[in-house]
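Working notes for the structure below.
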């Protein structure tokens, strides 16, 4: 039976990644932050919620759908380190980004909007005040950042993509470790924009050159 060609799949995945980068960046910039907290009752009921979370959620779904094709496109040029980076980045996004956003959008936001249930939202900016959920976010986030570091380093070393894309991936990873207080708009630019732009740029390359980038 016939089906889409490999080039068609790569082009479609490239478009998905380009959209993912744009949506995640927009959602990150719009995400409310009140008194340096992004997941307090005040933040979860501020203007911008739930639009920001919806944008982030849609972008994350497109990212997860596009990542396997991105690896297939990069595979001949990134080696085992790049493969490990891809796995960590994929798992980290599934666990932390998708899981966290699901709880934020469908559980925490409705609870915060209802005065009778708003007290359930943890005051430590973790939404759910349990050790298990804190570990879920922390470990998943560290795995995702490890993936960004390995993938960015591999792309840079093997020149798998234009150098600025690999550097931007590494900058996006390093940005999460900067001791910068959470500020609406600025935090989104710091945490989401570098990796969003890098993913979008790779997506554009995939859509334009499904046969592979020629350096």
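No lab work stands behind these numbers, since they all come straight from the coordinates. Values in this document were obtained by computation on a predicted structure and should not be read as measured data. No Cβ is skipped: glycine too gets one built from the backbone with ideal geometry, and neighbour counts run over all protein chains shown.
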Practice task
Restrict the check to the stretch 41-56 and report whether at least one residue is free of Cβ contacts under 8 Å to residues at least 60 places away in the same chain, more than 21 Å from residue 150 (Cβ to Cβ), buried (at least 21 other Cβ atoms within 10 Å of the Cβ) and out of contact with any helix residue (DSSP H, G or I) (no Cβ under 6 Å at 6 or more places or on another chain).
Solution key: yes
Handout entry: Residues of the stretch 167-178 satisfying the condition of being in a helix (DSSP H, G or I) and touching a residue at least 12 places away in the same chain (Cβ under 8 Å)
Key = 167, 168, 169, 170, 171, 172, 173, 175
Completion exercise
Checked against (1) within 26 Å of residue 100 (Cβ to Cβ); (2) in a helix (DSSP H, G or I), residue 164 satisfies every condition except (1)
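Residues checked against (1) loosely packed, with under 14 Cβ neighbours inside 10 Å; (2) in a helix (DSSP H, G or I); (3) out of contact with any helix residue (DSSP H, G or I) (no Cβ under 6 Å at 6 or more places or on another chain):
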site	(1), (2), (3)
108	no, yes, no
123	yes, no, yes
140	no, yes, no
149	no, yes, no
180	yes, no, yes
213	no, no, no
